[in-house]
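The values are calculated or read from the model by the stated rules, or taken from the named source; none is laboratory data. Worth saying up front: this structure is predicted, and the values here are computed from it rather than measured. FYI the Cβ positions are ideal-geometry reconstructions off the backbone, even for glycines, and counts take in every protein chain you see. These accessible areas exclude ligands, DNA and RNA; they are computed on the full protein's heavy atoms, side chains included. Shrake-Rupley method; radii C 1.70, N 1.55, O 1.52, S 1.80 Å.
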Amino acid sequence: MSSYEQSSIWKKNLAEQSGSDSHKEDRAHLRDTYVKFRKKTAQLAGEIARDLPDFTVHDITHIDALWEYTDLIIGDDYPLNPAEAFVLGGAFLIHDLGMGLAAYPEGINELKKNDIWKDTAASLFKKKNNRPITESDYNNLDNEIEKQATANTLRLLHAKHAEKLATIFWQSGDTKHLLIDNTELREAYGTIIGKIAHSHWQSVEELVSLFKSDIGAPSFFPNEWTIDPLKLACILRVVDAAQIDDRRAPSFLRALRKPSDVSDIHWNFQQKMYKPTISNNRLVYTSKSAFTIQEIESWWVCYDTLCMIDKELRDVDSLLIDKQKERFKVNGVVSVENTIRLTEHIEVKHWVPTDTNIRVGNVPRLVHNLGGKQLYGDNPTIPLRELVQNSSDAIKARRILEQRDDNFGDIIIRFGKDNYGEFIEVEDNGIGMSQRVLTGPFLDFGESFWGTPLMHSELPGLESGSFSSTGQFGIGFFSVFMWGEKVSVFTNKSGCSRSSTCVLEFNSNLSKRPILRIATANEQLLDGGTRVRVWFKEQRVIHDILSYRTHGNKLKTIEE
């Protein structure tokens, strides 16, 4: 008997029941379909290692283990009906399959058509050759770039691709192969299985908008066999996160694969892990042996992973409470709050895991020093230069993505006065920012959005369109605090409606958290872009900007 068949949720919902069973045929219908579904999935999952050999195990042993972890985390009495068990099991089967090229019916050719693959290859090519990629370069990429671009893209797209896998087919001659052979079950549940599988890489906050209501039973099943997709999505994400025991990194397989140094750190820690137990509604993870000084990095990766699992469990528990749904038995991980206490379970040898990461204790002072006069000197036009560079990059990006001509794009510099005082404003009609970018890399001092996987996801096709940013250090925006403490950033991603314009307000330099809000009607940007307004703390700064000379030329501005 396979391990999944030994789980309580399988036995209660899909296995043959002892005694009389009024739903015997319906259970058999689901059970037989799942077994065939699993058999095909096992073959696909076995192919993942061919494309991602450095990754820990994602084969059928991981998938089957999720049934066991579901028992552990939700508890024996958690309400699930047979249809929900089938859909959840289907999501288990396909959630990671997209990490292998075999999950793409057209293989590498299908993947290469995706903008993310092109952007990733373009980024790798640029780093290696110090020049933008050309169309002819794509046909002559060296094996290492193509291999890395493929691996990165498979990882980035695997969850999204999972949404299709229960309904698409693979062609072999005149034969079409589908993962769910049974047509009526595929039509009834294939779409929702895919959506739940996709959701494991989306945020907990997104689950509410993705799964707004329950799904009724198809005509051939009992009325009470409804599907609660939000509940099932919560189960998938926590059990997938929690399954990190030694089945994910068998020692002999590690010896055979010889993963790269970075990957081997993950293999090492998972190779040491026992299956968790439960204490006071929290998971207790233990290790087979102590982590030596040579294994310090593995211990910290283990610690970070346990913190991630704890956060997933706590976030899901909070969501279930808010939505008035039954909570899971487990809602956290023991001892992640304190690294010393954690060593009682994840042992160390001859070293102490004190969290000594470099921290920034005074962000405003750092910004003042590195983003202000200490970096730029007394030139009052430097913040303006940085804002104009940012605007220029945003316009170049929009030109490429929307195939605009070289004359497209405006950068307008204004001076004005309102109830808060005199201000300077720089506005462009470039690509704009989503809330994800505005509250992520835009606020990450020292980091840049350009050339990152997030850029490839937010603006697919840009990197492969030979985009090259002007700004280099990721600290340009913060230079505006040389001018004043009150700053507002208005932005709207091009292609979105004007009502999606959002505003990020800094009202006290960086000493307090900024405010993110929806723009009022008179603040909205009609055609995408970004507007940065800075109120001067000293009136003389305006005179300094207007009178500052560089190579004998005054700065040209528009005054309101």
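Condition (residue is in contact with a Pro (Cβ under 9 Å, 6 or more places away or on another chain) and either modelled with pLDDT of 95 or more or open to solvent by 40 Å² or more (accessible area, probe 1.4 Å) (or both)) applied to the stretch 311-319: is it met by at least one residue? There is no residue in the stretch 311-319 that is in contact with a Pro (Cβ under 9 Å, 6 or more places away or on another chain) and either modelled with pLDDT of 95 or more or open to solvent by 40 Å² or more (accessible area, probe 1.4 Å) (or both). Could you list, in sequence order, all residues of the stretch 193-205 that are surrounded by 12 or more Cβ atoms within 10 Å (Cβ to Cβ) and of a type in the set (D, E, K, R)? Matches in the stretch 193-205: Lys195 only.
Filtered by the rule that a residue be at pLDDT below 85 and of a type in the set (A, V, I, L, M), the stretch 447-467 gives a lone residue, Leu454. Exactly one residue out of Asp393, Asp418, Asp444 is at pLDDT 90 or above, among the acidic types (Asp, Glu), loosely packed, with under 14 Cβ neighbours inside 10 Å and more than 14 Å from Lys493 (Cβ to Cβ), and it is Asp418.
Per the listing Leu185, Leu165, Leu236, the residue uniquely surrounded by 17 or more Cβ atoms within 10 Å (Cβ to Cβ) and assigned to a loop (DSSP other than H, G, I, E, B) is Leu165.
Taken over the stretch 102-122, the criterion of being within 23 Å of His58 (Cα to Cα) and among the hydrophobic types (A, V, I, L, M, F, W, C) is satisfied by Ala102, Ala103, Ile108, Leu111, Ile116, Trp117.
Would you check which residues across the stretch 24-42 are closer than 30 Å to Ser260 by Cα and free of Cβ contacts under 8 Å to residues at least 40 places away in the same chain and list them? Scanning the stretch 24-42 gives a single hit, Ala42.
Ile278 meets the conditions (1) under 23 Å from the mean Cα position of the chain (by Cα); (2) not in a helix (DSSP H, G or I) in every case but one. The failed one is (1). Against the definition (in a helix (DSSP H, G or I), closer than 28 Å to Leu14 by Cβ, modelled with pLDDT of 95 or more and in contact with an Asp or Glu (Cβ under 9 Å, 6 or more places away or on another chain)), how does Ala241 come out, yes or no? Here the answer is yes, as Ala241 does meet what is asked. If the condition is being in a strand (DSSP E or B) and touching a Lys or Arg at 6+ places or on another chain (Cβ under 6 Å), then the stretch 485-537 contributes Ser488, Phe490, Val503, Trp535.
Note on the stretch 1-42: among residues that are within 36 Å of the chain's Cα centre (by Cα) and of a type in the set (Asp, Glu), the one that is farthest from Gly194 (Cα to Cα) is Glu5.
State yes or no: is Lys160 charged (D, E, K, R), more than 17 Å from the chain's Cα centre (by Cα) and part of a helix (DSSP H, G or I)? Against the criterion (charged (D, E, K, R), more than 17 Å from the chain's Cα centre (by Cα) and part of a helix (DSSP H, G or I)), Lys160 does not qualify.
On the stretch given as the stretch 303-324, residues that are within 26 Å of the chain's Cα centre (by Cα) and assigned to a loop (DSSP other than H, G, I, E, B) total 1. Counting the residues of the stretch 424-441 that are within 20 Å of Asn492 (Cβ to Cβ) and either open to solvent by 50 Å² or more (accessible area, probe 1.4 Å) or part of a strand (DSSP E or B) (or both) gives 7. Of all the listed residues (Asn407, Asn357, Asn379), the sole one being assigned to a loop (DSSP other than H, G, I, E, B), modelled with pLDDT under 90 and more than 28 Å from the chain's Cα centre (by Cα) is Asn379. Output the residues belonging to the stretch 55-114 that are free of Cβ contacts under 8 Å to residues at least 24 places away in the same chain, in a loop (DSSP other than H, G, I, E, B) and of a type outside the set (Lys, Arg). Listed by number, the residues that qualify are Asp59, Asp77, Glu106, Gly107. If you go through the stretch 17-54 and keep only what is in a helix (DSSP H, G or I), out of contact with any Leu (no Cβ under 8 Å at 6 or more places or on another chain) and open to solvent by 40 Å² or more (accessible area, probe 1.4 Å), you end up with Lys24, Glu25, Asp32, Val35, Lys36, Lys39, Gln43.
Could you check, for the stretch 135-151, whether at least one of its residues is touching an Asp or Glu at 6+ places or on another chain (Cβ under 9 Å), in a loop (DSSP other than H, G, I, E, B) and open to solvent by 50 Å² or more (accessible area, probe 1.4 Å)? Taking every residue of the stretch 135-151 in turn, none turns out to be touching an Asp or Glu at 6+ places or on another chain (Cβ under 9 Å), in a loop (DSSP other than H, G, I, E, B) and open to solvent by 50 Å² or more (accessible area, probe 1.4 Å). Among the conditions (1) touching a Lys or Arg at 6+ places or on another chain (Cβ under 7 Å); (2) without any contact (Cβ under 8 Å) to a residue 60 or more places away in the chain; (3) under 21 Å from Ile108 (Cβ atoms), the only one that Ile133 does not satisfy is (2).
Restricting the stretch 239-275 to residues that are under 26 Å from the mean Cα position of the chain (by Cα) and among the charged types (D, E, K, R), the residue that is surrounded by the fewest Cβ atoms within 10 Å (Cβ to Cβ) is Asp261. Scoring Asp76 on the criteria (1) within 26 Å of Cys234 (Cβ to Cβ); (2) surrounded by 16 or more Cβ atoms within 10 Å (Cβ to Cβ) leaves a single failure, condition (2). When Glu224 is tested against (1) more than 25 Å from the chain's Cα centre (by Cα); (2) open to solvent by less than 50 Å² (accessible area, probe 1.4 Å); (3) among the charged types (D, E, K, R), just one condition goes unmet, and that condition is (2).
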